[in-house]
Amino acid sequence: MATTFPQRPHGHQIEDESINFFAQHLPVGWTIDRPQHDYGVDLRVGLATNEQINGQQLVVQMKASSDSAAGDTVTVRLEVPTLNYLRNMLEVALLVKYVAAEREAYWLLLKDFTAEPREGQRTVTIHIPRANRISTGPWGAIAAHVNAVHHRKLRANVQAQGTRQNGA
(Lines give C-alpha, C1' and ligand atoms only; values in the text may rest on other atoms or scores of the structure.)
Protein backbone atom coordinates (compact mmCIF):
# COMPACT_ATOMS: atom_id res chain seq x y z
CA MET A 1 0.00 0.00 0.00
CA ALA A 2 1.36 3.40 -1.00
CA THR A 3 1.91 5.98 1.70
CA THR A 4 -0.36 9.01 1.32
CA PHE A 5 0.05 12.46 2.77
CA PRO A 6 -2.20 15.50 3.23
CA GLN A 7 -2.76 17.51 0.08
CA ARG A 8 -1.98 21.19 -0.18
CA PRO A 9 -4.74 22.77 -2.25
CA HIS A 10 -3.77 25.01 -5.15
CA GLY A 11 -5.76 27.84 -3.54
CA HIS A 12 -3.52 27.77 -0.47
CA GLN A 13 -0.43 27.96 -2.67
CA ILE A 14 -1.77 30.97 -4.60
CA GLU A 15 -2.75 32.65 -1.32
CA ASP A 16 0.82 32.34 -0.02
CA GLU A 17 2.20 33.48 -3.38
CA SER A 18 -0.05 36.55 -3.30
CA ILE A 19 1.01 37.56 0.20
CA ASN A 20 4.69 37.06 -0.65
CA PHE A 21 4.30 39.18 -3.79
CA PHE A 22 2.56 41.92 -1.83
CA ALA A 23 5.17 41.90 0.95
CA GLN A 24 8.06 42.05 -1.53
CA HIS A 25 6.62 45.22 -3.07
CA LEU A 26 6.07 47.16 0.16
CA PRO A 27 8.41 50.07 0.88
CA VAL A 28 11.44 49.27 3.01
CA GLY A 29 10.64 49.81 6.67
CA TRP A 30 6.90 49.16 6.40
CA THR A 31 5.69 46.25 8.49
CA ILE A 32 3.25 43.50 7.65
CA ASP A 33 1.32 41.26 10.03
CA ARG A 34 -1.23 38.52 9.44
CA PRO A 35 -4.05 38.63 11.99
CA GLN A 36 -4.69 35.33 13.69
CA HIS A 37 -8.41 35.50 12.92
CA ASP A 38 -9.47 36.53 9.43
CA TYR A 39 -12.82 38.30 9.37
CA GLY A 40 -12.05 40.19 6.19
CA VAL A 41 -8.64 41.54 7.15
CA ASP A 42 -5.86 39.40 5.74
CA LEU A 43 -2.99 41.78 6.52
CA ARG A 44 -2.22 44.80 8.67
CA VAL A 45 0.41 47.08 7.22
CA GLY A 46 2.28 49.56 9.39
CA LEU A 47 3.68 52.60 7.63
CA ALA A 48 7.09 54.09 8.34
CA THR A 49 8.64 57.44 7.52
CA ASN A 50 12.39 57.96 7.63
CA GLU A 51 12.80 54.52 9.22
CA GLN A 52 10.37 55.41 12.01
CA ILE A 53 7.14 53.52 12.60
CA ASN A 54 4.64 56.37 12.75
CA GLY A 55 1.48 54.72 14.11
CA GLN A 56 -0.27 54.84 10.76
CA GLN A 57 -1.60 51.62 9.33
CA LEU A 58 -3.94 50.17 6.81
CA VAL A 59 -5.77 46.87 6.55
CA VAL A 60 -5.65 44.70 3.45
CA GLN A 61 -8.21 42.29 2.05
CA MET A 62 -6.31 39.96 -0.31
CA LYS A 63 -7.89 37.98 -3.11
CA ALA A 64 -6.01 35.72 -5.50
CA SER A 65 -6.74 33.75 -8.64
CA SER A 66 -4.81 31.68 -11.13
CA ASP A 67 -5.83 33.90 -14.03
CA SER A 68 -8.19 36.71 -14.93
CA ALA A 69 -10.35 37.65 -17.87
CA ALA A 70 -8.90 40.16 -20.33
CA GLY A 71 -10.00 43.76 -20.05
CA ASP A 72 -9.22 47.04 -18.34
CA THR A 73 -10.16 45.72 -14.91
CA VAL A 74 -9.81 42.67 -12.70
CA THR A 75 -12.83 41.68 -10.68
CA VAL A 76 -13.20 40.74 -7.06
CA ARG A 77 -16.29 39.27 -5.46
CA LEU A 78 -16.66 40.34 -1.87
CA GLU A 79 -19.29 39.16 0.57
CA VAL A 80 -21.54 42.00 1.72
CA PRO A 81 -20.84 41.38 5.46
CA THR A 82 -17.09 41.65 4.71
CA LEU A 83 -17.67 44.89 2.79
CA ASN A 84 -19.70 46.27 5.71
CA TYR A 85 -17.01 45.23 8.19
CA LEU A 86 -14.21 46.87 6.20
CA ARG A 87 -16.23 50.06 5.68
CA ASN A 88 -16.91 50.23 9.44
CA MET A 89 -13.22 50.13 10.40
CA LEU A 90 -11.32 53.25 11.39
CA GLU A 91 -8.27 52.13 9.42
CA VAL A 92 -7.97 52.65 5.71
CA ALA A 93 -8.92 49.47 3.84
CA LEU A 94 -7.06 48.36 0.72
CA LEU A 95 -8.41 45.68 -1.58
CA VAL A 96 -5.74 43.70 -3.48
CA LYS A 97 -6.26 41.10 -6.22
CA TYR A 98 -3.27 38.94 -7.17
CA VAL A 99 -3.35 37.20 -10.55
CA ALA A 100 -0.85 34.35 -10.55
CA ALA A 101 -0.65 33.96 -14.36
CA GLU A 102 0.33 37.64 -14.65
CA ARG A 103 2.56 37.66 -11.56
CA GLU A 104 0.90 40.94 -10.68
CA ALA A 105 -1.42 42.35 -8.04
CA TYR A 106 -3.89 45.18 -8.46
CA TRP A 107 -5.14 47.51 -5.75
CA LEU A 108 -8.08 49.73 -4.90
CA LEU A 109 -8.68 51.85 -1.83
CA LEU A 110 -12.04 50.68 -0.56
CA LYS A 111 -13.21 54.29 -0.24
CA ASP A 112 -13.24 54.36 -4.05
CA PHE A 113 -15.88 51.63 -4.21
CA THR A 114 -19.00 53.62 -3.44
CA ALA A 115 -21.77 51.29 -4.66
CA GLU A 116 -24.24 50.22 -2.01
CA PRO A 117 -25.51 46.63 -2.00
CA ARG A 118 -29.22 46.09 -2.53
CA GLU A 119 -31.33 44.65 0.28
CA GLY A 120 -30.68 40.91 0.48
CA GLN A 121 -27.65 41.00 -1.84
CA ARG A 122 -25.00 38.52 -0.67
CA THR A 123 -21.95 39.59 -2.69
CA VAL A 124 -20.69 42.61 -4.58
CA THR A 125 -18.45 42.66 -7.62
CA ILE A 126 -15.67 45.21 -7.48
CA HIS A 127 -13.73 46.21 -10.59
CA ILE A 128 -10.11 47.16 -9.97
CA PRO A 129 -8.38 49.06 -12.80
CA ARG A 130 -5.44 47.17 -14.29
CA ALA A 131 -3.58 50.48 -14.18
CA ASN A 132 -3.45 50.11 -10.37
CA ARG A 133 -0.52 47.70 -10.34
CA ILE A 134 1.25 46.96 -7.06
CA SER A 135 4.54 46.48 -8.94
CA THR A 136 4.57 50.16 -9.95
CA GLY A 137 4.94 51.23 -6.32
CA PRO A 138 1.71 53.14 -5.58
CA TRP A 139 2.76 53.63 -1.99
CA GLY A 140 3.15 57.42 -2.06
CA ALA A 141 -0.50 57.94 -3.00
CA ILE A 142 -1.70 55.26 -0.60
CA ALA A 143 0.42 56.66 2.25
CA ALA A 144 -0.90 60.18 1.57
CA HIS A 145 -4.48 58.93 1.97
CA VAL A 146 -3.62 56.96 5.13
CA ASN A 147 -1.88 60.06 6.51
CA ALA A 148 -4.92 62.27 5.81
CA VAL A 149 -7.29 59.80 7.49
CA HIS A 150 -4.90 59.35 10.42
CA HIS A 151 -4.72 63.10 11.07
CA ARG A 152 -8.50 63.48 10.81
CA LYS A 153 -8.82 60.81 13.51
CA LEU A 154 -6.26 62.56 15.70
CA ARG A 155 -8.07 65.91 15.31
CA ALA A 156 -11.35 64.20 16.26
CA ASN A 157 -9.66 62.78 19.38
CA VAL A 158 -8.33 66.21 20.37
CA GLN A 159 -11.76 67.79 19.82
CA ALA A 160 -13.41 65.08 21.91
CA GLN A 161 -10.89 65.60 24.72
CA GLY A 162 -11.52 69.36 24.60
CA THR A 163 -15.26 68.81 24.82
CA ARG A 164 -14.86 66.52 27.84
CA GLN A 165 -12.56 69.00 29.59
CA ASN A 166 -14.88 71.95 28.92
CA GLY A 167 -17.95 70.02 30.04
CA ALA A 168 -16.37 68.69 33.24
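Values as computed for the structure displayed
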item: Residue-normalised accessible area of the range 11-168, given per residue in Å² at a 1.4 Å probe; result: 59
item: Nonlocal amide H pairs with residue 123, under 5 Å, H built at 1.01 Å; result: 80
item: Spherically averaged projected area in nm², based on the convex hull that wraps the Cα atoms of the range 1-70; result: 8.0
item: Rounded FRET efficiency, nearest 0.05, which uses the C-beta distance separating residue 155 from residue 8 and R0 of 35 Å; result: 0.15
item: Length-normalised contact order for the range 9-69 - Cα pairs under 8 Å, 6+ apart - percent; result: 30
item: Of all accessible heavy-atom area on the range 15-73, the percent that carbon and sulfur account for (1.4 Å); result: 43
item: Candidate values (1) 42, 12, 10; (2) 32, 20, 18; (3) 29, 19, 15, label of the one derived for semi-axes √(5λ) of the Cα gyration tensor in Å; result: (2)
item: Set of lysines near residue 97 by C-alpha distance (under 23 Å), chain-local residues within fewer than 8 positions excluded; result: 63, 111
item: Relative contact order of the chain, pairs being alpha-carbon contacts under 8 Å that are 6 or more residues apart, as %; result: 20
item: For the range 68-150: rounded, prolate or oblate by the Cα gyration tensor [a/c cutoff 1.5]; result: oblate
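The values are calculated or read from the model by the stated rules, or taken from the named source; none is laboratory data. None of these values were measured; they are calculated from a predicted model. No Cβ is skipped: glycine too gets one built from the backbone with ideal geometry, and neighbour counts run over all protein chains shown. Side chains are part of the model used for accessible areas, which takes the heavy atoms of the whole protein and leaves out ligands, DNA and RNA. Shrake-Rupley method; radii C 1.70, N 1.55, O 1.52, S 1.80 Å.
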